[in-house]
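First the structure, in the form of structure tokens, and then the observations on it.
Nothing in this text is a laboratory measurement; each read-out follows from the coordinates by a stated rule. Source: prediction; values computed, not measured. Positions of Cβ are generated from backbone atoms using ideal geometry, with glycine treated the same way; all protein chains shown enter the neighbour counts.
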Amino acid sequence: MILSALMVILRKNPVHSALFLVVTFFCLAGLYLLLNAEFIAAIQVIVYAGAIMVLFLFVIMLLNVEKEVAAPSGHGFQKFWALVLCVVVAVSLISIMTINVFTGEKGIYSPEMVNEVGNSEIIGRLLFTDFLLPFEITSILLLAAIIGAVILSKKKL
Amino acid sequence: MVPISYYLIVSVVLFSIGVLGVFTRRNAIVIFMCIELMLNAANLAFIAFSRHLHSIDGQIFVFFVMAVAAAEAAVGLGIIIALYRNKETINVDEINIMKW
């Protein structure tokens, strides 16, 4: 998965980058399955790899991007310092993640308890009781996104 | 059970690869894809913690992050198409009208 994520940023052709991103999403969905998150894994495949990346590929092919349009053009020093910065960020974050011991008050939804009822059912139960307000606000957000996308495609803005 | 720090390391590496992609690539669509990669890294961290702390709140939040990412991808790609219609390019180096 790390390899396909690296290929996303290293390939010159944007269609190849999009396809490697789809591979990354599928690998992530498999990782979610290992983490007892079956609902999220299914949603990841359906929404991310199935809708968002298809939208990306539509736009890439609509705009008819040439192969070498992302070719580097003498920005060598910028790439080097970007690499240094990203290595610094990664190393510092990894050091934070490995030094601490993540304890906390354990909730009640242990994997055994979730598996006997069903992951989707528990998520559905929580979504419609405790998290109802964010759910409804998300629907309004999607409505705003639809309106925005339709307006952005008008000929005379 | 795999210790949680392994999943967090993978999440951090994915995130930093996304950051690297945003810095180095000059095609606006590929920059957008790297932003989605960063969002997915955060999703992985959420779900790892959700399993570790025996709570479902992490997965619920991932649901909302995915909804937000879908909305943002739609609107962002609409913006890129409108930009292409006006400037005939999506190379971010050439979109510099606001430079002084």
Query - Mean separation of Cα contacts under 8 Å, 6 or more apart, over the residue count of chain A: relative contact order % - result: 20
Report task. With runs of 4+ DSSP H residues as the only contributors, calculate the mean residue ellipticity of the protein assembly as shown at 222 nm using -39,500 (n - 2.57) per run, divided by the residue total and rounded to the nearest 500. Result -> -24500 deg cm²/dmol
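Note down the relative contact order for chain B as a percent, whole number, built from C-alpha pairs under 8 angstrom at least six residues apart. Let's see the in-between values first.
On the way: 79 pairs, mean separation 27.6, N = 100.
Normalised by residue count, the contact order of chain B is 28 percent.
Relative contact order for region A:1-71 using alpha-carbon pairs under 8 Å, separation at least 6, rounded to a whole percent?
Details: 59 pairs, mean separation 26.4, N = 71.
With pairs under 8 Å counted, the relative contact order is 37 percent.
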Query - Cα long-axis angle, helix A:53-63 against chain A (0 to 90 degrees, to the nearest 10) - result: 20
Requested in this report: Measure nothing but the geometry: give the 0 to 90° angle between the long axis through the Cα atoms of A:76-99 and the longest principal axis through the Cα atoms of chain A, rounded to 10°.
Outcome: 10
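By how many nm would the segment from A:Ala42 to A:Ser110 grow when fully extended, if each residue of separation counts as 0.36 nm and the alpha-carbon distance is taken off? Could you put the intermediate results ahead of the total?
Numbers: separation 68, 0.36 × 68 = 24.48 nm, distance 2.03 nm.
Full extension from A:Ala42 to A:Ser110 adds 22.4 nm.
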**Report entry** region B:1-74 versus region A:1-42: alpha-carbon centroid distance in Å
**Finding:** 11
Report task. For helix A:14-34, report the angle its Cα long axis makes with the longest principal axis of the Cα atoms of chain A; keep it between 0 and 90° and round to the nearest 10°. Result -> 20
Report summary line: Across B:72-84, the residue-averaged tally of Cβ atoms belonging to other chains within 10 Å stands at 6
Report task. Let me know the charge dipole size of region A:109-157 about its Cα centre in debye, to the nearest 20, where only the beta-carbon of Lys, Arg (+1) and Asp, Glu (-1) is charged. Result -> 740
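Checking the a/c ratio against 1.5 first, then a/b against b/c, what shape does the Cα gyration tensor give for the protein assembly as shown? Working shown, then result.
Working: a/c = 2.28, a/b = 1.41, b/c = 1.62.
Note, shape of the protein assembly as shown comes out oblate.
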Requested in this report: Take peptide B:87-97, look around each residue's Cβ out to 10 angstrom, count Cβ atoms belonging to other protein chains, and average those counts.
Outcome: 2
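Which of the GluC sites (Glu not before Pro) found in region A:105-157 are in a DSSP loop and have at most 10 neighbouring Cβ atoms, other than their own, within 10 Å? Please list the in-between numbers first.
Details: sites: A:Glu105, A:Glu112, A:Glu116, A:Glu121, A:Glu136; in loops: A:Glu105.
Qualifying residues, ordered by number: A:Glu105.
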**Report entry** Karplus-derived HN-Hα couplings along region A:112-117 (A = 6.51, B = -1.76, C = 1.60, θ = phi - 60°), whole Hz, x at Gly and Pro
**Finding:** 5, 5, 5, 5, 7, 9
Query raised in the report: Averaged across the residues of A:25-33, what count of C-beta atoms belonging to other chains lies within 10 Å of each residue's C-beta?
Result: 3
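Over 26 Å between Cα atoms: which of A:Lys12/A:Lys79; A:Lys154/B:Lys87; A:Lys79/A:Lys155 fall into that group? Display every interim value, and only then the final one.
Working: A:Lys12/A:Lys79 15 Å; A:Lys154/B:Lys87 16 Å; A:Lys79/A:Lys155 37 Å.
The pairs that break the limit, which is 26 Å between Cα atoms, are A:Lys79/A:Lys155.
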